[in-house]
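Engineer: I am attaching a structure below and will ask some questions about it afterwards.
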């Protein structure tokens with residue numbers, strides 16, 4: 001697994017192999033990650049990454065948040081409640097030398113609580129497939145004040161997710177057993 005674009009392009013991340021089912025870690029393949037960032041950056045909706053604050057929910061290895069930093073995001077907060085995930089994220093942040101731009105939170109993404117501080121502009125969701133946890137996590141983030149008005153949502157799932165009120169579908173693509181949904185929070189609503 002490598003960073004596929006930007007200033008960290010080619011950086012080899014901590015090896016997880018095919019994943020860690022016991023820890024619910026299923027890394028996004030380089031091919032799907034590249035497709036996600038091409039959709040996000042080169043799509044018709046504009047590139048939201050330069051200087052963005054990124055929230056990576058169910059972060060696992062942290063590859064999506066680190067890829068966003070490589071492509072111009074100002075800060076990434078990586079959220080996962082697993083000990084194995086935290087060890088991997090810590091290794092990857094060190095390998096990328098982005099300790100000043102990345103934060104780790106060991107927390108259940110479905111129960112984020114209240115966020116005090118600047119909101120996030122881009123949100124990645126990569127929940128365990130088929131469990132409905134992405135919908136719960138997005139609702140928790142919106143209710144807790146984590147997500148800013150106009151924020152971009154990039155969601156990986158095994159099926160098209162249910163988007164909440166105030167979030168508009170922009171694009172949806174299938175990559176094998178992965179459905180990638182690009183959506184946006186309404187600009188005039190505080191999320």
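Each value in this text was obtained by applying a stated rule to the coordinates, not by laboratory testing. Everything numeric in this text was worked out from a predicted model, so none of it was measured. No Cβ is skipped: glycine too gets one built from the backbone with ideal geometry, and neighbour counts run over all protein chains shown.
Engineer: What length, rounded to one decimal in nm, is gained on full extension from residue 12 through to residue 51, with 0.36 nm per residue of separation minus their alpha-carbon distance?
Structural biologist: On the way: separation 39, 0.36 × 39 = 14.04 nm, distance 2.38 nm.
Extending this stretch completely gives an extra 11.7 nm.
Engineer: Still on this structure, I have one more. Tell me, what is the percent relative contact order of the range 1-144, built from C-alpha pairs under 8 Å that lie six or more residues apart?
Structural biologist: Numbers: 257 pairs, mean separation 33.9, N = 144.
Contact order relative to length: 24 percent.
Engineer: Still on this structure, I have one more. Of all beta bridges DSSP finds with both residues in the range 21-185, what is the antiparallel percent, to the nearest 5? Spell out each step's value before the answer.
Structural biologist: Working: 14 of 33 bridges.
Around 40 percent of the beta bridges assigned by DSSP in the range 21-185 are antiparallel ones.
Engineer: Give the distance, in whole Å, between the Cα centre of the range 46-106 and the Cα centre of the range 133-191.
Structural biologist: When both Cα centres are located, 18 Å separates them.
Engineer: Listed highest first by mean packing, meaning other Cβ atoms within 10 Å per residue, what order do 125-132, 111-118 come in? Intermediate values should be presented prior to the final figure.
Structural biologist: Working: 125-132: 18.0, 111-118: 11.8.
Packing order, densest peptide first, comes out as 125-132, 111-118.
Engineer: Among 137-143, 155-161, what's the highest-first ranking by average C-beta atoms within 10 angstrom per residue?
Structural biologist: On the way: 137-143: 20.4, 155-161: 18.6.
Result, highest mean first: 137-143, 155-161.
Engineer: Follow-up. Sort the following peptides by mean Cβ neighbour count (other Cβ atoms within 10 Å, averaged over residues), highest first: 168-180, 74-86.
Structural biologist: Listed from highest to lowest mean packing, they are 74-86, 168-180.
Engineer: How would you classify the chain from its alpha-carbon gyration tensor, with a ≥ b ≥ c the square roots of the eigenvalues: rounded for a/c under 1.5, else prolate if a/b is greater than b/c, otherwise oblate?
Structural biologist: Details: a/c = 1.25, a/b = 1.23, b/c = 1.02.
Rounded, since a/c falls under 1.5.
Engineer: Also: For the range 92-179, rounded, prolate or oblate, judged on the Cα gyration tensor with a ≥ b ≥ c (square roots of eigenvalues), a/c < 1.5 rounded, else prolate if a/b > b/c? Please report the intermediate quantities before stating the final value.
Structural biologist: Numbers: a/c = 1.65, a/b = 1.24, b/c = 1.33.
Oblate is the answer for the range 92-179, as a/c is 1.5 or above yet b/c matches or exceeds a/b.
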